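**Q** Structure provided below as structure tokens; questions to follow.
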Amino acid sequence: MTEGEAVAESLEMRHAVEKHYRRERERAIEAFQPRTSVFIEQDIGKEDHIRRSMPLFLTLRDEEGKALVTAMLPPKGKGSGGCIIVGPGNTDPYPEHADAIKALADHYRITLDRVSCYPYRR
């Protein structure tokens with residue numbers, strides 16, 4: 001997901017994925033350490049570092065392309081923790097889209113259970 005896609009998804013899904021995307025991108029930028037002190041070369045490798053260290057932002061869509069579920073997974077889709085999975089308006093997507101979420105989890109070989117990933121449990 002790009003920043004533009006995050007903005008569009010925030011509008012379509014009525015939630016704050018844009019805010020999370022920007023915050024995580026800023027964290028990745030702040031963590032970047034240039035390999036040289038030569039000013040003109042300091043940004044070499046920066047975008048690659050950002051892609052490697054940022055969480056993955058993904059959208060599960062229906063056959064017509066309508067967004068159903070937004071997922072924020074750990075960087076590279078590996079590791080545990082740090083996942084957020086929400087539906088439109090921050091609703092719980094698990095009752096309706098559990099199979100698709102499980103397929104996403106299987107694809108990345110991680111656990112995406114409701115208890116760990118849905119932040120608005122009651």
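None of the figures in this text is laboratory data; all of them are computed from the coordinates on show. Everything numeric in this text was worked out from a predicted model, so none of it was measured. Cβ atoms come from the backbone with ideal geometry, glycine included; neighbour counts cover every protein chain shown.
**Q** So what J values fall out for the stretch 46-59 if you push phi through Karplus, 6.51 cos²θ - 1.76 cosθ + 1.60 with θ = phi - 60°, rounded to Hz, Gly and Pro as x?
**A** Once rounded to whole Hz, the list reads 5, 5, 5, 4, 4, 4, 6, 9, 7, x, 7, 10, 10, 10.
**Q** Distance in nm between label sites at F39 and R109, each 7 Å beyond Cα in the beta-carbon direction?
**A** 4.6
**Q** Taking every Cα atom in the chain, find the radius of gyration and the maximum pairwise distance Dmax, and write them in Å.
**A** 15.9, 53
**Q** Another one. Given the rule -39500 (n - 2.57) for each run of at least 4 DSSP H residues, summed and divided by the residues of the chain, what is its mean residue ellipticity at 222 nm, to the nearest 500 deg cm²/dmol?
**A** On the way: 5 runs with 53 residues, N = 122.
For the chain, the value works out to -13000 deg cm²/dmol.
**Q** Here's a follow-up. So what is the relative contact order of the chain, in percent, for Cα pairs below 8 Å that sit 6 or more residues apart?
**A** 19
**Q** While we're here: Using only Cα atoms, find the angle between the long axis of helix 3-13 and the longest principal axis of the chain, and express it within 0 to 90 degrees, rounded to the nearest 10.
**A** So the helix axis and the longest Cα principal axis differ by about 20 degrees.
**Q** List the lysines whose alpha-carbon lies under 28 Å from that of K102, not counting same-chain residues fewer than 8 positions away?
**A** Within reach: K19, K66, K76, K78.
**Q** Follow-up. Relative contact order, percent, of the stretch 1-73 when contacts are C-alpha pairs under 8 Å separated by at least 6 residues?
**A** With pairs under 8 Å counted, the relative contact order is 26 percent.
**Q** Between K46 and N90, what is the label-to-label distance in nm when each label sits 7 Å out along the Cα-to-Cβ direction?
**A** So the label points at K46 and N90 sit 3.3 nm apart.
**Q** Stretched out fully, how many nm does the piece from R14 to A31 gain, at 0.36 nm a residue minus the Cα gap? Please list the in-between numbers first.
**A** Values: separation 17, 0.36 × 17 = 6.12 nm, distance 2.99 nm.
Computed gain between R14 and A31 is 3.1 nm.
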